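Trainee: Sharing a structure with you now.
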Amino acid sequence: MELDRALKVVEEVLFTQQNRHLSDPEMTILRGTWQGMTYDEMALNSQYSVNYLMRDVGPNFWRSLSEILGERVSKSNCRTVLERYQMRTKPVRDASPENKHSLLIPPSPQHQNWGEAPDISLFYGRLRELKTLDRWVIKEQSRLVCLWGMGGMGKTTLSRQFVENVKDRFDYLFWRSLRNMPPIVELLAEMLSLFSPRETLQNHSDRGISQVLEYLQKYRCLIIFDDVEAILQSGGLGHYALGYEAYGQFFKRVGETQHQSCLLLNSQEKLREIILLENSTKFVHSLELPGLRLDEARELFKDKNLTGEKTWSDFVDLYQGNPLALNLTIITIQNFFNGDVSQYIRLKTTYLPTEIANILQERCDKISSLEIAILTHLAKTSQSLSLLEIKEKLSPQLEVSDAMVAIESLKRRSLIVIKTHEQGTSFILQPVVKKYVTKHYLSSSHKNNE
């Protein structure tokens, strides 16, 4: 892009979005930036002081462009951002405030590959989480973000809604589920064909990762991997299934390498790469997705014509706001209690939907015998237990460090709840997890002993 075209583009966006023109000092900064000048050099070639350009005009100018263009703009990346903006916009003949939205056009459909992304028609709450994702991905341009938590919490639905909100901010969009465990070279090839149909992926995964990273640097891309827990190994916390180790390398390189794109991961387990990288770089984040709050669930309950509103809070607590568990149990309440939640709550039981039981079985199939033992001991009590109490109940000979590793594994798999209080930290099970463990481990153990 030539300087004259850059000046025209900036003039247009400032006028259409803020109803103003480029000021003389802003024009000085833009011209100098295009010519590779430092602020000192800009000051020497103008009537303005370096402090005025660098500390007063510059920060406000870059902030204005960042807000208008939807991504961070600075002196170092101004040329790249404007060139990319020009690629995804059409010329504006009538740059009037009334037509300010005509500047933006959505990415070409061939630049979006939605894969197995679900079509969502109903979406409740999650405004807080959407704002967090928007801050990380759009404002801060995070490279790697992980949504994690127990199955049924709505990670896929939240991601789908977020992507729908921001899809026009990206040059390319790619969504894939890992539930069927596709080899990474297969996904790399699909991404590369989206970015450049004529380019062939190198057979070696390391080279393929490098090829894809080049496009993540060149363009602003949003990649979503759903059901990431499917490629993790049974029994080993954070380890990948045999033959899928390259996924960990890809996640690590995406988080470490400087680029302008974002990889969003949905997983029932917090990944090792995320834990390590989010403590060493500001461009990697994770969010453990909580359940719906009562004010969010209330909208769902009203749409389902539920009654017994005084017990809705107890209903939400019983399932920790898990949207899938709530929706499935609502069907049961409608069938057996005519939609009256209070009648169900009075039973003082926890209905365990088959779909939730299947999710928990998949999780428990991947944990160690020590972790199963911890779950069963916690299921026997209504009180939370401390680390030392768990150790003593399991075995006085058990190493404390081994118990800590097992509890950490259960936490990263959303199978245990940590409670903090004045006396310290203790651990407890969610009612649904307790019901599952009691039914599938304690009951079977009791029958075997008879």
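Trainee: Need one number: nm distance between label points at residue 372 and residue 3, each 7 Å from Cα along Cα→Cβ, rounded to one decimal.
Mentor: Simple spin-label model gives 7.3 nm for this pair.
Trainee: Next question. Taking all protein chains in place and a 1.4 Å probe, what share, in percent, of the accessible surface of the chain do carbon and sulfur account for?
Mentor: Accessible surface attributable to carbon and sulfur in the chain totals 49 percent.
Trainee: Long-range amide H contacts for residue 307: which residues qualify at under 5 Å (H placed 1.01 Å from N, peptide plane, sequence gap of 5 or more or a different chain)?
Mentor: 340, 341
Trainee: Using only helices, what value at 222 nm comes out for the chain when you add -39,500 (n - 2.57) per DSSP H run of length 4 or more and divide by the total residues, to the nearest 500 deg cm²/dmol?
Mentor: Helix-only estimate at 222 nm: -14000 deg cm²/dmol.
Trainee: For the stretch 258-392, just say rounded, prolate or oblate: build the C-alpha gyration tensor, square-root its eigenvalues into a ≥ b ≥ c, call rounded for a/c under 1.5, and beyond that prolate if a/b exceeds b/c, oblate if not.
Mentor: Note, shape of the stretch 258-392 comes out oblate.
Trainee: For the Cα atoms of the chain, what angle does the longest principal axis make with the long axis of helix 400-412, in degrees from 0 to 90, nearest 10?
Mentor: So the helix axis and the longest Cα principal axis differ by about 60 degrees.
Trainee: Only loop residues by DSSP count here, and only those with at most 15 other Cβ atoms within 10 Å; note down the trypsin sites (Lys or Arg not before Pro) in the stretch 350-450 that meet that.
Mentor: Hits after loop and neighbour filter: 380.
Trainee: Kindly provide the Kirkwood hydrodynamic radius of the stretch 180-310 in Å, to one decimal, from all pairs of distinct alpha carbon atoms.
Mentor: 17.0 Å
Trainee: Binning every alpha carbon pair distance of the chain at 10 Å from zero, what are the percents per bin?
Mentor: Result returned by the calculation: 4, 17, 24, 22, 16, 10, 5, 1, 0, 0.
Trainee: Separate question: For a quick check: with amide H placed at 1.01 Å from N, whose amide H comes under 5 Å from residue 430's, ignoring anything fewer than 5 positions away on the same chain?
Mentor: 417
Trainee: Now, a different point. Roll a 1.4 Å probe over the protein chains and send me the accessible area per residue for the chain in Å².
Mentor: Result: 49 Å² of accessible area for each residue.
Trainee: Taking H as built 1.01 Å from N, whose amide H comes closer than 5 Å to the amide H of residue 241, not counting residues under 5 places away?
Mentor: Amide H neighbours of residue 241, under 5 Å, 5+ apart: 232, 233.
The values are calculated or read from the model by the stated rules, or taken from the named source; none is laboratory data. This structure is a prediction, so every number in the text was calculated from the model and none was measured. Here Cβ is always computed from backbone atoms with ideal geometry, including for glycine, and neighbour counts include all displayed protein chains. Ligands, DNA and RNA are excluded from the accessible area calculation, which covers all protein heavy atoms including side chains. Shrake-Rupley method; radii C 1.70, N 1.55, O 1.52, S 1.80 Å.
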